[in-house]
1. Can you compute the modelled spin-label distance between Ser44 and Ser175, with each label point 7 Å from Cα toward Cβ, in nm?
2. Could you state the accessible area per residue of the chain in Å², with a 1.4 Å probe and every protein chain left in place?
3. Within the chain, which whole H helices from DSSP have a Cα span along their axis of at least 18 Å and a mean Kyte-Doolittle hydropathy of 0.5 or more, if any?
4. So what is the relative contact order for the range 1-124, in percent, with contacts set as C-alpha pairs under 8 Å and at least six apart?
5. Carbon and sulfur atoms: what percent of the 1.4 Å accessible area of the chain do they account for?
6. Put a dot 7 Å past each Cα toward the Cβ at Arg113 and Ala91; how far apart are the dots in nm?
7. Taking only C-alpha pairs under 8 Å that are 6+ residues apart, what is the relative contact order of the range 1-74 in percent?
8. Compute the length gained on full extension between Leu67 and Ala161: take 0.36 nm times their separation in residues and subtract their Cα-Cα distance, giving the result in nm to one decimal.
Amino acid sequence: MISQERTSRMKGIATVVLGCLLFVVLVTTLNWIAKYLFAGVVASGLRARVTVELTAAIIAEVGVLLLLYIFLRRRGISFRSFGLWQPAPLAGWIAAGLTAALFITFNLLLPLRGNKDLGEISLFHLYNAISAGLVAGFVEEIFFRGFIMNTLRRSGFGNTAQVILSSILYGGVHSVWGLTSGMFTFELVSGAVIGTAVFGLFCSAVYLLSRRSLMPILVSHGLIDFIIEPWLFMVAVRMLHH
């Protein structure tokens, strides 16, 4: 019995880790390809580089979503079983709203403090903000909260382990920015990896408070990305390349 339980847990961990590795490989590969194909555009300025890299990441995430859909369909599992389009209790919506307010405020007061472009209305701003808000938040919540947490749950892990492991993997996957830039620095680890892991903890907690409905955290994550992108991405790029 103990051996079967241990085997089930090991299979669960292997499944989610392999999924995260695929996530990293796709994002990294498409980022390199995009920077090679659009080298002239990337070299023309920071905004062009941000647009190319963010677009490549978004395309890669759509690819991850499609592969996940195929993987799950063969096993008779749907995104709806993860909580997509499922109603959520008021507590989940309140927690999601507080999470959005906390992380938007944090970014506006620290990494984006004094940024005069936040209210800018331009094609650059609208394209990257809407793309990140609609795609990145949607894909990442389905993958890291829906797929990873429920795979761990079926493998015998409790809620606490699900939250911790999914958050660590969420932060670890964001080290891909160091891989694509060729610069794995302490600033990257502290800013991207640890920061996103903490954000992942909040997202996972909201998911549980929402009784595993994805809707509150999908809206919250999308709103955060919509408001702070592409400016936060620009800060990250500057940190990596200067």
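The values are calculated or read from the model by the stated rules, or taken from the named source; none is laboratory data. This is a predicted model, so every value here is computed, not measured. With ideal geometry, Cβ positions are generated from the backbone for all residues, glycine too; neighbour counts draw on all protein chains shown. Remember, those area values only see protein heavy atoms, side chains included, never the ligands or the DNA or RNA. Shrake-Rupley method; radii C 1.70, N 1.55, O 1.52, S 1.80 Å.
1. The answer from the label model is 3.5 nm.
2. Working: 12220 Å² over 242 residues.
Here the per-residue accessible area is 50 Å².
3. 2-37, 46-73, 90-109, 159-173, 194-209, 215-228
4. On the way: 39 pairs, mean separation 24.6, N = 124.
For the range 1-124, the relative contact order is 20 percent.
5. Numbers: 8720 of 12220 Å².
Accessible surface attributable to carbon and sulfur in the chain totals 71 percent.
6. 3.6
7. Working: 32 pairs, mean separation 24.1, N = 74.
Averaging sequence separation for qualifying contacts and normalising by length gives 33 percent for the range 1-74.
8. Details: separation 94, 0.36 × 94 = 33.84 nm, distance 2.55 nm.
Residue separation times 0.36 nm, minus the Cα-Cα distance, leaves 31.3 nm.
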